[in-house]
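Engineer: This structure is in structure tokens; I'll ask about it shortly.
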Amino acid sequence: MNGAPAGSEVIISLKDVGVRYRQQGGRFKKPGYYQAFEGLNLDIYRGETLGIIGRNGAGKSTLLRLIAGIIKPDTGRFINHGVTVSLLSLAAGFDADLSGVDNAIISGMLLGYRRQQIVARLNDIREFSELGSFMDQPVKTYSSGMRSRLGFAVAMYMTPDVLLLDEILSVGDADFKKKAEAEMMKKLHSDQTVLLVSHSEEQVNRVCDRKIELTSSSLT
Amino acid sequence: MDNTVHSQDAMEWALAPMQQQRWQLAAERWATLRAAHGQVADVWVQAAICHRQLGDWNTAEELLTEAIRRFEANPNAWLELVALYRAKGANEQARTYLNKTLERFPHQLAVMMSAAEQAMLDDAFDEADALNARTRDLYSNEASAWCQYAEISMRRMAWSQALLRWAEVRARFPDMPAGYERAAEAAEAQGHVKQARRLKLAREYGLEWLASFDRPDLASDHIAPPRRRNAAQFVELVWVKACFNLKSEASQNSLRYFWWVLDPLLYMSVFYLVFGVMLHRGGGGDFIVYLLTGLVPFQWFAKTVQQSSNAIFAGRGLMNQVHISPLFFPLVGIMQNAGKQMPVFLLLIGFLIFYGLHPTWHWIALLPIIVLQLVLMSVIGCFLALLVPFARDLNNLIPTGIQFMLFCSGVFYTVDTIPEKWQTLFFSNPMASLLYQYRLVLMDRQWPDWSGMGWILLGCSIGGIALSWFYKRVESDLPRVVGQ
């Protein structure tokens, strides 16, 4: 399970990286700090599926946001060797008053697409989400299952060099869940580089090439 | 019939300990059964298997020889004898006997399979392939024959060939676990870890799922996002989001877009009624024109600053989900308000004409003034939006600040009422200067004071450059600052 794929290319490196959060201090009180993790060394190789496990509060989601480029480390160095990285998030920027089509467009654009790229995909999104004519109705009329189906269909067409997943997303009713999970598994097993954060070690063992475990303040 | 059922039960009784590998007990039970069901071939053969397992070759051989004598048409005893020779290490004997069996039962599945098996053991792979091909011809629906077909390649360590053959097994027998598990072993032996895992998971997700990895159109099905949005993409995003926000806002009312005209129309009417009709201030009603030419642009300023100052903080959820410049949030608010303001300006012009002011060419200068106000509001809005997350209490001061600006910008009073010595200070407020320009153009029918506008533009440019530097600097801190 461990051990890097020999000879493959490092696309992202973390060297002695630490992230901490300031805790409620207020303007006149000295703030305390909460160390999400520190001294983290990690290389990510092209094409691998890397699993990150750890308990709640071990800094898994923080690590994903760091790798996605949303936040910067407080200590150490984070090096991206020129690859695109995206955190797969469902229903990013949805507006309940807008139609499914409009939400697909804006959500897709927020995830990084050009407008015309999504417009060209609208039929696929309509088909995959099984929403049919509901696509033209405001999202506020959707059930929560329909809403996540739309979110999933939009996010599904994302292919950055490195895809970051916070848990395997399986959404919707039983049938759609299966379809969504199969689609996720397809992503996990294609040649795309995937980072999967999970609390389930069993799931990571099943789908990942390599795993690391985050403990509250260091890496083992 | 009864007898058959009875013998079936009896067989179960003896087979059970075999499954638990309790050979001695099983052998004893078969011995008991032989007395009652000696006419059943399996009673002899199974007993021989037990004795073989116990290493009691001689008894096993005796039993099988007897079975062959009694049941000439049953190949099982023959095959078990071959297995016995193999277990004894008498390979030559095993081979000879197997050939005899094959001669006797040339079309029996078990015999043909066994012969191919022997050929594999002897590393005579071509012979094994030939035997297996014959078996598959005769028993094309028999999964075991097809599995053997792939197993020959596995034994040969011809992994690529094995993968192809397992694929054929999967296509014919999708429920056969070996088609996935053994194929995964072949892929692993080739060093294709990923493919191996896919094969294992394919049992769960189906053949179509597995096949989708080999389709070249899969790659073109997805679109890769750019590493970072370029300027054009960013502008497109801000534009589309602002348009959608307007659409969403309009959809919340049953009168929809009509409100954008109705709302300013109503408040203009209120001012007209109070100041123009009831109070009759400023004699001929010039005051109402003066008031509205100041109030309309100021309201735009107030709404824009109010909305954009809290924009980054309000966008914290999204900021922690996607990688996006924080400039996006205030800029969307500014664009959105600008969109809503355009009909208001048209209404104002309509009102002025209705009031008896004839348009002149100077009104063209309204455009650069509006654009300059937009630039000014962008700088102020983005500045406040950046400040609020770091000092959230500031948000409470914004309405007061806007109120203060309202009184400092000369919406309600004319510049000549200000003492001379305070006028420079008054005009250092860019909004005061801009309102003055609006009135120069609309009421006095003059060209605006270009130098005054130039100063505002210069100030905005310097502020804009400084802001973009600050935004770059804090971009990656903001998600954490607003998230806390």
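Readers should treat all values here as calculations from the given coordinates under stated rules, not as data from a laboratory. Not measured: the values here are computed from a predicted model. Quick reminder, even Gly has a Cβ in these numbers, built from the backbone with ideal geometry, and neighbours come from all protein chains shown.
Engineer: Give the angle, between 0 and 90 degrees and rounded to the nearest 10, that separates the Cα long axis of helix B:394-408 from the longest principal axis of the Cα atoms of chain B.
Structural biologist: 30 degrees
Engineer: At 222 nm, what value in deg cm²/dmol follows for the protein assembly as shown if DSSP H runs of at least 4 each add -39500 (n - 2.57) and the sum is divided by all its residues, to the nearest 500?
Structural biologist: Computed mean residue ellipticity for the protein assembly as shown: -20000 deg cm²/dmol.
Engineer: So if a site counts as exposed when it's one of the trypsin sites (Lys or Arg not before Pro), its DSSP state isn't H, G, I, E or B, and it has at most 12 other Cβ atoms within 10 Å, what's the longest stretch of chain B without one?
Structural biologist: B:257-484
Engineer: Taking 0.36 nm per intervening residue step and subtracting the Cα-Cα distance, what contour gain separates residue B:466 from residue B:342 on full extension?
Structural biologist: 41.7 nm
Engineer: Using 7 Å Cα-to-Cβ label points, what is the residue A:117/residue B:413 separation (nm, one decimal)?
Structural biologist: Once both label points are built, they end up 5.7 nm from each other.
Engineer: Right, here's the next one. On a C-alpha basis, how far is the centre of the stretch A:55-103 from the centre of the stretch A:104-158 in Å? Whole number, if you could?
Structural biologist: Taking the Cα centre of the stretch A:104-158 as reference, the centre of the stretch A:55-103 is 19 Å away.
Engineer: Specify the residue with the greatest mean-square fluctuation among A:148, A:86, A:190, computed from a Gaussian network of chain A linking alpha-carbon atoms under 10 Å apart.
Structural biologist: A:190
Engineer: Shifting gears a bit: Only loop residues by DSSP count here, and only those with at most 15 other Cβ atoms within 10 Å; note down the chymotrypsin sites (Phe, Trp or Tyr not before Pro) in the stretch B:359-440 that meet that.
Structural biologist: Hits after loop and neighbour filter: B:412, B:413.
Engineer: For residue A:187, give me every one of the aspartates and glutamates with a C-alpha distance below 18 angstrom, ignoring sequence neighbours fewer than eight places off in its own chain.
Structural biologist: Within reach: A:48, A:124, A:161, A:166, A:167, A:209, B:204, B:208, B:214, B:217, B:221.
Engineer: Could you give the length gained on full extension between residue B:110 and residue B:13, defined as 0.36 nm per residue of separation minus the Cα-Cα distance, in nm?
Structural biologist: In short, 32.4 nm is gained.
Engineer: Another question, then. Would any residue of the stretch A:44-61 have its amide N under 16 Å from a label point 7 Å out along Cα→Cβ of residue A:35? List them or say none.
Structural biologist: From the stretch A:44-61, the list is A:58-60.
Engineer: Let me ask something else about it. For residue B:445, project a label point 7 Å along Cα to C-beta. Then give me every residue of the stretch B:319-356 with its amide nitrogen under 15 Å of that point.
Structural biologist: Within reach of a label on residue B:445, which here means backbone N under 15 Å from a point 7 Å along Cα→Cβ, the stretch B:319-356 contributes B:352-356.
Engineer: On a 0 to 90° scale, report how tilted helix B:23-36 is relative to the longest principal axis of chain B, with both axes built from alpha carbons and the result rounded to the nearest 10.
Structural biologist: Once rounded, the angle reads 60 degrees.
Engineer: Same structure, new question: Would you mind pulling out the separation of the Cα centroids of the stretch B:360-422 and the stretch B:253-275, in Å?
Structural biologist: Between the Cα centre of the stretch B:360-422 and that of the stretch B:253-275, the gap is 22 Å.
Engineer: Give me the distance in nm between label points sitting 7 Å out from Cα along the Cα-to-Cβ direction at residue B:261 and residue B:160, one decimal.
Structural biologist: Computed distance between label sites residue B:261 and residue B:160 equals 7.3 nm.
Engineer: How many nm separate the modelled label positions at residue A:206 and residue B:403, each set 7 Å beyond the Cα in the direction of the Cβ?
Structural biologist: 6.1 nm
Engineer: From the residues A:104, A:156, A:146, which one has its Cα farthest along the dipole of the stretch A:90-157 in the positive direction, the dipole being from +1 and -1 charges on Cβ of Lys/Arg and Asp/Glu about the Cα centre?
Structural biologist: Checked the options; the winner is A:156.
Engineer: Nearest 20 debye, what's the magnitude of the dipole of chain A about its Cα centre given +1 on Lys and Arg Cβ and -1 on Asp and Glu Cβ?
Structural biologist: Taking the Cα centre of chain A as origin, the dipole is about 820 debye.
Engineer: Just tell me which aspartates and glutamates come within less than 14 Å, Cα to Cα, of residue B:303; anything on the same chain fewer than 8 places away is out.
Structural biologist: The reachable aspartates and glutamates, counting only those whose Cα sits under 14 Å from residue B:303, are B:263.
Engineer: Treat every Asp and Glu Cβ in the stretch B:2-160 as -1 and every Lys and Arg Cβ as +1, leave all other atoms uncharged, and give the resulting dipole magnitude about the Cα centre to the nearest 20 debye.
Structural biologist: 160 debye
Engineer: Where in chain A is the longest stretch that carries no trypsin sites (Lys or Arg not before Pro) classed as loop by DSSP and with at most 16 other Cβ atoms within 10 Å?
Structural biologist: Result for the longest clean stretch: A:56-220.
Engineer: So, one more: Between residue A:199 and residue B:231, what is the FRET efficiency for a Förster distance of 35 Å, r being their Cβ-Cβ separation, to the nearest 0.05?
Structural biologist: 0.30
Engineer: Just flag the chymotrypsin sites (Phe, Trp or Tyr not before Pro) in the stretch B:1-90 sitting in loop per DSSP whose Cβ has no more than 14 other Cβ atoms within 10 Å.
Structural biologist: In loop regions of the stretch B:1-90 (DSSP not H, G, I, E or B), there are no sparsely surrounded chymotrypsin sites (Phe, Trp or Tyr not before Pro).
Engineer: Right, next: First measure r as the distance between the Cβ atoms of residue B:88 and residue B:168, then evaluate 1/(1 + (r/R0)^6) with R0 = 35 Å and state the FRET efficiency to the nearest 0.05.
Structural biologist: With R0 = 35 Å, the Cβ-Cβ based efficiency is 0.45.
Engineer: Please give the helix B:109-121 orientation as an angle from the longest Cα principal axis of chain B, in degrees from 0 to 90, rounded to the nearest 10.
Structural biologist: 80 degrees
Engineer: Sticking with this structure for a sec: Run down the lysines and flag those whose C-alpha is under 25 Å from the C-alpha of residue A:15, throwing out any fewer than 8 positions away in its chain.
Structural biologist: Of all the lysines, those that pass the test against residue A:15 - Cα under 25 Å, at least 8 places apart if same chain - are A:60, A:72, A:211, B:472.
Engineer: Between residue B:144 and residue B:396, what is the FRET efficiency for a Förster distance of 56 Å, r being their Cβ-Cβ separation, to the nearest 0.05?
Structural biologist: After rounding, the FRET efficiency stands at 0.10.
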